Amino acid sequence: MDAPKTNIDTTYKIDDPSDVTPPQDDSPSMQAPEKLFPDNPEPASSKEVIHDAPEVVDPWLATQRPNSPYSMDETVVSGFQPLEFDEKGEPVPRRVSELPSEKAPKTCGIPRRYLVGIIILVFVVMVALGLGLGLGLGMKRKSDDTLGGPGIVDPYCAAHPDYCVGGSLGSTYFTSNGTFNGSGIALATEFWNHEERKIMTVYFQHFSGEIRSIQLTPKGEWIGGSKSEVVVSDAKNATPISAVSYSLKGTSVWHIFYISEDGFVRQKQNSNSTNIWEDGPLNELNLTTYDAPNVGLQACWYGNYYGDSDASKFPTRDGDNNTIPFNASTHGMHLWYPADENTFKQYGWYEGQDQWLEQHTWTGMNAHAGVGCFSWGPGTTTYAMMVDTQDTATVWWKDTNVNASSTSEHPINTWENVTDFSIPNVYPSTSLGFTEYLYAQMRDGTIMGHDIDWEAEKTRRIEANMFTVGGSQGAVPGLKGTHMSVTAVEDQSGGTSLYVFYQTRGDDLSVFTRDIKGGQWTQGELPIPDS
């Protein structure tokens with residue numbers, strides 16, 4: 001174990017971004033061509049322009065006549081040798097050898113006196129070509145690695161960029177500080193513990209690959225996120241993260257779900273009585289997830305045993321049928337994980353039981369997108385939200401009141417699609433989240449909130465209350481394919497504030513907050529330590 005470290009104050013308060021100079025956006029994730037937004041200009045390249053045009057020659061070099069090498073003054077002389085004359089005044093003929101002139105020896109048809117020079121010339125040319133090729137390849141590698149190129153791309157993502165995020169789109173988009181590019185984001189609120197300890201805990205993937213936590217205190221300060229707050233170290237790159245927390249009989253409990261490097265769904269659990277992260281019972285099942293760079297995963301808390309009515313189906317320690325009834329005081333969880341590209345498996349568990357049980361198979365869904373849920377409302381009807389293969393977010397309902405009469409319009413204890421409400425044209429790998437509003441990422445990268453009137457088969461959207469998440473300057477698109485987490489928290493002034501977390505660059509963990517009744521959004525970034 002590492003030696004205890006002195007806590008460093010990493011508090012951070014959310015300020016109006018209009019008072020703060022925005023940071024330079026040089027995150028590699030936002031330079032991925034697949035992730036640029038139409039309204040955001042592509043960052044200019046830092047590469048210098050190299051001029052390779054022919055060198056310009058001054059005009060006088062083409063017109064000035066040089067002096068003869070034989071002249072000592074400006075007189076131009078011939079370079080021919082003068083004739084010789086005898087005593088009669090006759091010109092003396094030039095001497096010609098009677099022997100035939102000896103031909104220069106040749107090798108491969110080339111005079112030997114030239115051969116050495118030619119060999120040297122060829123060697124020089126080959127060296128020059130080698131240097132040029134090496135320099136060219138080196139510049140190409142530099143261009144790929146540091147000047148905006150993607151580097152190594154996951155083969156699946158090369159063909160399906162809309163289903164990928166961060167480093168899977170190119171090795172140069174992995175971050176080297178802050179959060180992981182494509183980090184999962186999950187939060188656990190503690191409505192029962194506001195004044196004593198914290199308002200919420202946000203779980204994220206650090207750029208090192210570790211899942212860590214950072215907390216919001218009642219004073220509005222963010223603390224943590226360092227190595228001291230590591231939850232797990234075996235998480236898959238860009239793993240989705242889901243959190244469930246509740247308080248039962250004076251004990252506060254936290255559950256974290258994620259996908260491991262070897263492709264299994266994993267559960268970690270902690271409580272205020274142990275203060276240690278331990279393996280949860282789900283791990284014993286070794287549930288294997290669909291193997292893709294970016295997939296959905298969701299766990300959901302329920303208070304009325306959301307979606308099920310037959311308690312006897314759950315195993316007990318001795319193997320007999322369970323006899324604990326489902327009621328408003330029974331706490332439990334549901335979990336959705338991707339089994340293949342178009343299928344989610346649903347498992348369930350509740351407090352007091354040893355193991356999870358498979359409950360439902362959802363087909364015809366996009367496993368790259370997230371899952372939403374609403375199970376804590378009054379009554380016996382609960383809801384799940386998923387994205388289909390046509391990039392439409394759909395809503396499903398289930399009434400678990402077995403004492404009610406089932407009709408064709410309102411069946412009992414079966415999952416039914418809300419036919420009059422859906423959200424078309426969402427981003428193919430959008431996250432989904434619900435607390436007070438249903439959030440989804442749209443095709444252009446913006447995050448939209450939808451006010452829903454939940455009423456089983458009559459569920460509908462309240463059009464007047466739709467909004468787009470942003471800052472003081474308007475909508476702020478998220479990194480396309482960003483994970484997202486949302487909540488609504490009562491504040492000390494007596495009102496309720498909306499919190500929406502997602503990534504805008506890839507090395508950030510941005511938070512957007514607004515009063516539940518409306519008004520301007522405030523944007524900030526959580527202070528994520530680099531170490």
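The values are calculated or read from the model by the stated rules, or taken from the named source; none is laboratory data. Just so it is clear, the model here is predicted, and its values are computed rather than measured. When we count neighbours, we look across all protein chains shown, and the Cβ atoms used for this are built from the backbone with ideal geometry, even at glycine. Surface areas here come from the heavy atoms of the whole protein model, side chains and all, with no ligands, DNA or RNA. Shrake-Rupley method; radii C 1.70, N 1.55, O 1.52, S 1.80 Å.
Things to note:
- Residue list for the stretch 363-406, filter: part of a strand (DSSP E or B) and either without any contact (Cβ under 8 Å) to a residue 12 or more places away in the chain or among the β-branched types (Val, Ile, Thr) (or both): Thr363, Thr381, Thr382, Val387, Thr394, Val395
- Scope the stretch 237-292; condition assigned to a strand (DSSP E or B), β-branched (Val, Ile, Thr) and either loosely packed, with under 13 Cβ neighbours inside 10 Å or within 24 Å of the chain's Cα centre (by Cα) (or both); matching residues: Val244, Thr251, Ile256, Ile259, Val265, Thr288
- Condition met for Glu409 (without any contact (Cβ under 8 Å) to a residue 60 or more places away in the chain, over 13 Å from Ala393 (Cα atoms), open to solvent by 20 Å² or more (accessible area, probe 1.4 Å) and over 30 Å from the mean Cα position of the chain (by Cα)): yes
- In this structure, Phe501 does satisfy being aromatic (Phe, Trp, Tyr), within 18 Å of the chain's Cα centre (by Cα) and within 21 Å of Phe467 (Cβ to Cβ).
- Leading residue by the ranking (farthest from Asp451 (Cα to Cα)) among those in the stretch 519-531 that are in contact (Cβ under 8 Å) with a residue 12 or more places away in the chain and outside any strand (DSSP E or B): Ser531
- Of all residues making up the stretch 453-509, the number that are under 18 Å from Ser183 (Cα atoms) and either open to solvent by 40 Å² or more (accessible area, probe 1.4 Å) or small (Gly, Ala, Ser) (or both): 4
- Residues that are in a loop (DSSP other than H, G, I, E, B) and of a type in the set (Ser, Thr, Tyr), drawn from the stretch 484-505: Ser493, Thr504
- Among the candidates Asp391, Asp399, the residue that is of a type in the set (Asp, Glu), in contact with a strand residue (DSSP E or B) (Cβ under 6 Å, 6 or more places away or on another chain) and more than 24 Å from Ala186 (Cα to Cα) is uniquely Asp399.
- Candidates Phe326, Phe314: the one that is at pLDDT below 85 and touching a helix residue (DSSP H, G or I) at 6+ places or on another chain (Cβ under 6 Å) is Phe326.
- Taken together, the residues in the stretch 462-483 that are in a strand (DSSP E or B) and at pLDDT 95 or above amount to 4.
- Complete set of residues in the stretch 339-362 that are under 24 Å from Gly481 (Cα atoms), in a strand (DSSP E or B) and open to solvent by 30 Å² or more (accessible area, probe 1.4 Å): Ala339, Asp340, Lys345
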